[in-house]
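*Asks:* Just dropping this structure here.
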Amino acid sequence: MRILVLGSGAREHAIITSLLRENEGASGAGHEITAAPGNAGIAAVVPVVALDPTRADVVTNYAIDNDIELVVIGPEAPLVAGVADSLRQRGIAVFGPGKAAAAIEGSKTFAKRIMDEAGVPTGRATRAGTIDEAIEAIDEYGAPYVVKADGLAAGKGVLVTPDRDAAIAHADFWLAQGAVLVEEFLAGQEVSLFLLSDGHTVLPLSPAQDYKRVFDGDDGPNTGGMGAYSPLPWLPEGFVDEVIDTIAIPTVRQLAKERTPFIGLLYCGLIVTTKGVRVIEFNARFGDPETQVVLPRLVTPLSGLLFAAATGELGTHPRPEFSDEVAVTVVLASEGYPDEPITGRAITGLDEVTDVTVAHAATAQVDGQYVATGGRVLSVVATGTDFADARARVYRALDTIRLDGGHYRTDIAQRVAE
């Protein structure tokens, strides 16, 4: 199959790695994979094309000219820009929702309305368009305060804090770019669950847990994610089925009812509270860094699942199968991330690491050397029979990889490894 993967991060690198595994062996699938725009790590394994993935006309024309059979949209920006709509209008199979359905990530207000209409369990929230409205809601809900940018914010639009002044300042900052949501605080363990959808049928992948705060002990500001692990041995039996029945299917049916069918990956950001499972947020694509620990454990061929979702055939597929191995990933970030990351610094030691895979997130080749081009630079991933083993190998690799000023959390999956 000729597959085009849109995006330039570690998530896309992980997707491509999973697809390339299908090419191995005498009976390999023979996929021809191209990435746009990709990064230096991706360019080392597949051809890359320097095109803007948010330009629907450019992407569609490239797909037509190159006989692309499946387009996989990685990041949220092309989805919210309507790239999937343009491709579908020209008869190209695409894994990713159209612009209207992608609003479930692009607008938290829209997502809350869909949840309310579908009867999906979630926390109370108030939309604020002015600072006075935000302050009123902040005082109504009380501490800890939860303030979220309504639109896309690259994982940095959420603040959870006991500091009222900080909550107000966060609201004031994001109000300059649009509305904000003030929500009630929900306490419990967080879970990321990916669900494939063809607009009607829903199939789950394996749950994962990510770490949003930049520093150990869940300290510091929110980020796009500093690490993750999968599976979650502490989840109760039947958890995934409960989420499918009470959250995923009602949401997909509500979107279909509104003539905005969701075709792609519904990311359910969940929290397990004393009163049951609640939705924190929805995303409209694979999560990062959770993808880096979910896909290495996937036994079922990924390409078949993505194509079936894109073509309305998920109902013919059994649930995806996963190995009994565990997976851990830790993100290496540039100095200054998430506020003002310092870029352009050399990355060395990659050729010295063993027993792990490295998904590139923000890298380029300059004079034959890898350099960091963004905040989250690499995701180091290990699979193993237990979390202690996987963690040990990830952190040995991170001790070997060198990025001046680079930093990473040292407590990823620590609790489940003890």
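The values are calculated or read from the model by the stated rules, or taken from the named source; none is laboratory data. Please read all numbers here as calculations on a predicted model, not as lab measurements. So basically every Cβ, Gly included, is an ideal-geometry build from the backbone, and we count neighbours across all protein chains shown. Just the protein is used for accessible areas: all its heavy atoms, side chains included, with ligands, DNA and RNA removed. Shrake-Rupley method; radii C 1.70, N 1.55, O 1.52, S 1.80 Å.
*Asks:* Which ones in segment 186-203 are loosely packed, with under 15 Cβ neighbours inside 10 Å and part of a loop (DSSP other than H, G, I, E, B)?
*Replies:* Within segment 186-203, just 187 meets the criteria.
*Asks:* Output the residues belonging to segment 102-150 that are among the charged types (D, E, K, R) and assigned to a helix (DSSP H, G or I).
*Replies:* The first filter runs over segment 102-150 and keeps only residues among the charged types (D, E, K, R), leaving 105, 108, 112-113, 116-117, 124, 127, 132-133, 136, 139-140, 148, 150.
Correct list: 105, 108, 112, 113, 116, 117, 132, 133, 136, 139, 140.
*Asks:* Restricting attention to segment 144-176, and to residues there that are out of contact with any strand residue (DSSP E or B) (no Cβ under 8 Å at 6 or more places or on another chain) and of a type in the set (A, V, I, L, M), which single residue is surrounded by the most Cβ atoms within 10 Å (Cβ to Cβ)?
*Replies:* The first filter runs over segment 144-176 and keeps only residues out of contact with any strand residue (DSSP E or B) (no Cβ under 8 Å at 6 or more places or on another chain), leaving 151-154, 165, 168-169, 172-173, 176.
Okay, now just the ones that are also of a type in the set (A, V, I, L, M), so 152-154, 168-169, 176.
Values: 152: 19, 153: 16, 154: 13, 168: 17, 169: 15, 176: 6.
Step by step, filter segment 144-176, then rank; the result is 152.
*Asks:* State whether one or more residues within segment 205-223 are touching a Pro at 6+ places or on another chain (Cβ under 7 Å), modelled with pLDDT under 95 and open to solvent by less than 10 Å² (accessible area, probe 1.4 Å).
*Replies:* Within segment 205-223, one or more residues are touching a Pro at 6+ places or on another chain (Cβ under 7 Å), modelled with pLDDT under 95 and open to solvent by less than 10 Å² (accessible area, probe 1.4 Å).
*Asks:* Anything in segment 316-360 that is part of a helix (DSSP H, G or I) and either open to solvent by less than 60 Å² (accessible area, probe 1.4 Å) or charged (D, E, K, R) (or both)? List them, or say none. Before the answer, list the steps.
*Replies:* Of segment 316-360, the ones part of a helix (DSSP H, G or I) are 316, 350-352.
Scanning segment 316-360 gives 350, 351, 352.
*Asks:* In segment 34-81, how many residues are open to solvent by 40 Å² or more (accessible area, probe 1.4 Å), farther than 30 Å from residue 348 by Cα and not in a helix (DSSP H, G or I)?
*Replies:* Residues flagged as open to solvent by 40 Å² or more (accessible area, probe 1.4 Å), farther than 30 Å from residue 348 by Cα and not in a helix (DSSP H, G or I) within segment 34-81 amount to 6.
*Asks:* Further, regarding this structure: Out of 259, 285, 253, 278, report the one residue that is of a type in the set (Lys, Arg) and buried (at least 20 other Cβ atoms within 10 Å of the Cβ). Steps first, answer last, please.
*Replies:* Values: 259 fails: buried (at least 20 other Cβ atoms within 10 Å of the Cβ); 253 fails: buried (at least 20 other Cβ atoms within 10 Å of the Cβ); 278 fails: buried (at least 20 other Cβ atoms within 10 Å of the Cβ).
When all the criteria are applied, what remains is 285.
*Asks:* Additional query: Being assigned to a loop (DSSP other than H, G, I, E, B), within 16 Å of the chain's Cα centre (by Cα) and either of a type in the set (Phe, Trp, Tyr) or closer than 29 Å to residue 20 by Cβ (or both) is the requirement here; does residue 285 meet it? Steps first, answer last, please.
*Replies:* Numbers: assigned to a loop (DSSP other than H, G, I, E, B): yes; within 16 Å of the chain's Cα centre (by Cα): yes; either of a type in the set (Phe, Trp, Tyr) or closer than 29 Å to residue 20 by Cβ (or both): yes.
Here the answer is yes, as residue 285 does meet what is asked.
Rundown of residues vs (1) closer than 24 Å to residue 188 by Cβ; (2) in contact with a helix residue (DSSP H, G or I) (Cβ under 7 Å, 6 or more places away or on another chain), yes/no style:
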| residue | (1), (2) |
| --- | --- |
| 262 | no, yes |
| 265 | yes, no |
| 268 | yes, yes |
| 287 | yes, no |
| 290 | yes, no |
| 293 | yes, no |
| 299 | no, no |
| 303 | no, yes |
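*Asks:* Of 123, 129, which residue is open to solvent by less than 30 Å² (accessible area, probe 1.4 Å), under 26 Å from residue 175 (Cα atoms) and over 21 Å from the mean Cα position of the chain (by Cα)? Steps first, answer last, please.
*Replies:* Details: 129 fails: open to solvent by less than 30 Å² (accessible area, probe 1.4 Å).
After applying the criteria, what remains is 123.
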